[in-house]
Structures are given as structure tokens and as C-alpha cells.
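Asker: This structure is in C-alpha cells; I'll ask about it shortly.
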Amino acid sequence: MSPAILLSVLITLALIFDFLNGFNDSANVVATIISSRAMTPKAALMIAAVSNFVGPFVFGVAVAETIGNEVASPNSISIAITLAALIGASIWNLITWYFGIPSSSSHALIGALVGAVAVGSGISVIHLKGLEKVLIALFTSPLIGFIVGAIIMRITLRLAQGATPRINLFFKWAQLPTGLLLALSHGTNDAQKTMGMITLGLVVLGYQDHFFVPWWVILASATAIGLGTFAGGWRIIRTLGAKFYRIRPIHSFTSQLTSGLVITIASLFGGPVSTTQVVSSSILGVGAAQRRSQVRWSVMRDILFAWLLTIPASAGLGALFYLLINYLLS
């Protein structure tokens, strides 16, 4: 099969993954703002979609560099590995979307990539330092989101102490800038994962002699995640917006502010994080800071199980699809 055809297949799969990422993960961006009734679903999704599109152009491509160049050297990766990683991650995203579980697309892509690389090129080609950077970002960001969410909520409650009920009007409108921040940060972080995979394919197939993200890759990835966001993942919106506890404007404002700050800072340092994880943990931290008994911890337990399962499951899928694709291409 010619390099041009393989590149076309790679780009198609990458943009499908990006769309599913928007459909699955980006819905989390608007869950609280919809549940608090600050915006209609259509308006919230439209704003989030546009912000997701703009995000990668504002904050750079540090995360793409991490995904495409620091987990394993492009010189040691075949096109079969890249294709297998994208297919494995996309299949896992569809499985978790079907069951309404807000799992992590970031975990899925990393797991599928590592699984495919391990089978296709051997564990020795995986850069432990780069993998460590990815895993630290993925696994510490939820804890940071929980802690920062609780702190911001307590500060907000202290500042609003003694205020009249009209303060709810402020929190309703304040969700617009915090929602924009969260959507921009998500577009910055998650769209870059697709950029990293497409650029990795360009290097592997010889279209580029070193790793750098072309402008058209940024444009295509930003467009795909924006369209996926607008399509919306309603099952997951219901999980995040209603099953933890009753979301009010103050909860939406503080959780969005927390999530946006955590994801933006991680993106600037090139750390890929899961919007699902950060938003979920921020909502929990905000709720627990006000009243721990109001939080339905059993929902978080189920989500934690999915998070722990995602990397080994997607790694298995990545390895399986590598064997199949390598056989078809040989």
C-alpha cells in the first residue's frame, strides 16, 4: 500500500478519534453549565465548540510534542503501530460512550499507543522519561482538581457570606467566562493529542524529516474536536451534571474555574490530561467543600473503576489491532 494511501487512512482515523473525543469528553465541558440552567444546551454546546476550535491556536502545541515525540521515538515506530493506537483508542471510546461512562480518551490513546509499540517494536523503545511525564499528568491532575476545587469553593463561600439571593445572578453570568476558559483549555489539551498522532505519521511515512506540527494539522484537528463537541455526548452530560449532586450556579462557576486553570497549566507544560477526570474531580471537590453528605460517592467509584480499567483495556486493543494491521500490510 502506498504511503499516500496510508497517510489518508491515518488522517481519517485520527480525525474520527478527535471527533469522538469531542463527542465523548468535550460534553463534560458543558455539563455543569447546562445542569445549573445558566444556558440552554444548544447555546452551551455552540460556545464550547467554538472555544475548542480556537484553543489550539492560542496556547501552542506542547502536548502534541509530548504525545508524538516523547513517549517513543518516531524512528522506532511503524505506520501499523500508529494506526493500531488510533483504532484501539477509538473503539474503547465508543464502548464507554455506549454505557454512559465518562472514561478518559487521553488514557485510551496512551494505553493503545503503548500496547501497540510494545508488541510492534518492543518495550525497550518506549521512553520511560516521556511515559513518566504523561502518567504523572494523567494521574495527579484529578487529585489536584479535587483539592483546588475544594479550596476555590471555600474561598467563594467565604466571600459570598451574608450576600442576598441576588448573588446567584452573578454566579449564573460568571459561568460564561469560566465556561470559555474550560472549553479553551480542553481544545488546547485534547485536540493536540490528535495533532501528535498525525504528525507522528507524517514522520514515520517520510513526509517530514523531524517532528513539527504543520498548520493544516492544527486546523483539521481543531475543526474535528469542535464538531464533536457540538454533536454532544448527552449520556455523559447527564452523568456529570445530575448524578453527583444537584448542581447550582455556584457549583458550576467554581468547578469550571478549577478545571480550566488545572488543564491550562498542564497544557502549557506539555502534560496531557483527561478533561473527564479533571472536571469530575473538580465537581466532587466543590461539592465536598460545601457538604460531603450531598455527594453521591458511588458514582465516582464506578468512574474510578473505568479509569483504572482504561489503560490496560486500550493497551490490549492497541496490541490486538497492531497484529491485525501488520498482518494485512505484510
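The values are calculated or read from the model by the stated rules, or taken from the named source; none is laboratory data. These numbers come from a predicted model, not from an experiment. Here the Cβ is made from the backbone with ideal geometry for all residues, glycine too, and neighbour counts use every protein chain on show.
Asker: Can you go through 164, 156 and tell me which one is polar (S, T, N, Q), free of Cβ contacts under 8 Å to residues at least 24 places away in the same chain and surrounded by fewer than 23 Cβ atoms within 10 Å (Cβ to Cβ)?
Answerer: 164
Asker: Next question, about the same structure. Just one of (1) at pLDDT 90 or above; (2) within 22 Å of residue 59 (Cβ to Cβ); (3) of a type in the set (Val, Ile, Thr) trips up residue 178, so point out which.
Answerer: Looking at each condition in turn, residue 178 falls short on (1).
Asker: What are the residues in the range 223-253 that are among the small types (Gly, Ala, Ser), at pLDDT 75 or above and either touching a Cys at 6+ places or on another chain (Cβ under 9 Å) or within 22 Å of residue 149 (Cβ to Cβ) (or both), if any? I'd like the intermediate steps shown before the answer.
Answerer: Let us first name the residues in the range 223-253 that are among the small types (Gly, Ala, Ser), namely 224, 226, 228, 231-233, 241-242, 252.
Subsequent filtering for residues that are at pLDDT 75 or above retains 224, 226, 228, 231, 252.
Scanning the range 223-253 gives a single hit, 252.
Asker: Still on this structure, I have one more. Return the pair list, or none, for Cβ contacts closer than 9 Å from residues in the range 307-328 that are under 16 Å from residue 123 (Cα atoms) to residues that are among the hydroxyl-bearing types (Ser, Thr, Tyr), at least 6 apart or on different chains.
Answerer: 311/104; 322/78
Asker: Of the residues 329, 320, 304, which is surrounded by fewer than 17 Cβ atoms within 10 Å (Cβ to Cβ) and either at pLDDT 80 or above or over 18 Å from the mean Cα position of the chain (by Cα) (or both)? Give the steps one after another, and end with the answer.
Answerer: Working: 320 fails: surrounded by fewer than 17 Cβ atoms within 10 Å (Cβ to Cβ); 304 fails: either at pLDDT 80 or above or over 18 Å from the mean Cα position of the chain (by Cα) (or both).
Result: 329 is the single residue among 329, 320, 304 that is surrounded by fewer than 17 Cβ atoms within 10 Å (Cβ to Cβ) and either at pLDDT 80 or above or over 18 Å from the mean Cα position of the chain (by Cα) (or both).
Asker: So residue 207 passes all but one of these: (1) modelled with pLDDT under 90; (2) assigned to a loop (DSSP other than H, G, I, E, B). Which condition number does it fail?
Answerer: Of (1) modelled with pLDDT under 90; (2) assigned to a loop (DSSP other than H, G, I, E, B), only one is false for residue 207: (1).
Asker: If you don't mind, another one. Suppose we filter the range 143-168 for residues that are of a type in the set (D, E, K, R) and in a helix (DSSP H, G or I); how many remain?
Answerer: The first filter runs over the range 143-168 and keeps only residues of a type in the set (D, E, K, R), leaving 154, 158, 166.
Still in the list and also in a helix (DSSP H, G or I): 154, 158.
Going through the range 143-168 one residue at a time, the tally reaches 2.
Asker: Taking residue 293 as the residue in question, decide whether it is more than 18 Å from the chain's Cα centre (by Cα), polar (S, T, N, Q) and assigned to a helix (DSSP H, G or I).
Answerer: Values: more than 18 Å from the chain's Cα centre (by Cα): yes; polar (S, T, N, Q): yes; assigned to a helix (DSSP H, G or I): yes.
Answer is yes for this residue.
Asker: Of the residues 66, 82, 96, which single one is within 19 Å of residue 326 (Cβ to Cβ) and not aliphatic (A, V, I, L, M)?
Answerer: Details: 66 fails: within 19 Å of residue 326 (Cβ to Cβ); 96 fails: within 19 Å of residue 326 (Cβ to Cβ).
Sole residue among the options that is within 19 Å of residue 326 (Cβ to Cβ) and not aliphatic (A, V, I, L, M): 82.
Asker: Also, quick follow-up: Of all residues in the range 307-330, how many are assigned to a helix (DSSP H, G or I), of a type in the set (Gly, Ala, Ser) and out of contact with any Gly (no Cβ under 8 Å at 6 or more places or on another chain)?
Answerer: Taking the range 307-330 as the starting set, the residues that turn out to be assigned to a helix (DSSP H, G or I) are 307-329.
Next cut, of a type in the set (Gly, Ala, Ser) only: 313-316, 318-319.
Imposing the further condition that a residue be out of contact with any Gly (no Cβ under 8 Å at 6 or more places or on another chain) reduces the set to none.
Qualifying residue count for the region: 0.
Asker: If you don't mind, there's one more thing I want to ask. Please go through (1) over 16 Å from residue 14 (Cβ atoms); (2) modelled with pLDDT of 90 or more for residue 96 and return the number of the only condition it doesn't satisfy.
Answerer: (2)
Asker: For the range 73-111, how many residues meet the condition of being crowded, with 24+ Cβ neighbours inside 10 Å and not in a helix (DSSP H, G or I)?
Answerer: Matching residues across the range 73-111 total 3.
Asker: When you look at residue 57, is it modelled with pLDDT of 80 or more and either surrounded by fewer than 19 Cβ atoms within 10 Å (Cβ to Cβ) or aromatic (Phe, Trp, Tyr) (or both), yes or no? Spell out how you get there, then give the answer.
Answerer: Working: modelled with pLDDT of 80 or more: yes; either surrounded by fewer than 19 Cβ atoms within 10 Å (Cβ to Cβ) or aromatic (Phe, Trp, Tyr) (or both): yes.
Yes.
Asker: Within the range 264-299, track down each residue that is among the small types (Gly, Ala, Ser) and closer than 17 Å to residue 65 by Cβ. Show your work before the answer.
Answerer: Looking only at the range 264-299, we keep the residues that are among the small types (Gly, Ala, Ser), and these are 266-267, 270-271, 274, 280-282, 285, 287-289, 293, 298.
Across the range 264-299, the qualifying residues are 266, 267, 270, 271.
Asker: So residue 313 fits all but one of (1) within 15 Å of the chain's Cα centre (by Cα); (2) modelled with pLDDT of 90 or more; what number is the exception?
Answerer: Condition not satisfied by residue 313: (1).
Asker: Then there's this: Among residues belonging to the range 13-40 that are of a type in the set (Gly, Ala, Ser) and part of a helix (DSSP H, G or I), point out the one that is modelled with the highest pLDDT. Quick ask: steps written out before the conclusion?
Answerer: So in the range 13-40, the residues of a type in the set (Gly, Ala, Ser) come out as 14, 22, 26-27, 31, 35-36, 38.
This time we only want the ones that are part of a helix (DSSP H, G or I), so: 14, 22, 27, 31, 35.
Values: 14: 91, 22: 78, 27: 63, 31: 72, 35: 70.
Across the range 13-40, the extreme among qualifying residues is 14.
Asker: If you check residue 50 against the conditions, is it in a helix (DSSP H, G or I) and either basic (Lys, Arg) or farther than 18 Å from residue 97 by Cβ (or both)?
Answerer: Working: in a helix (DSSP H, G or I): yes; either basic (Lys, Arg) or farther than 18 Å from residue 97 by Cβ (or both): yes.
Yes; evaluated as a whole, the condition is true for this residue.
Asker: Still on this structure: What tally of residues in the range 118-142 results from selecting those that are among the small types (Gly, Ala, Ser) and outside any helix (DSSP H, G or I)?
Answerer: Keep residues of the range 118-142 that are among the small types (Gly, Ala, Ser), which gives 118, 120-122, 124, 130, 137, 141.
With the extra rule that they be outside any helix (DSSP H, G or I), the set shrinks to 121-122.
Count: 2.
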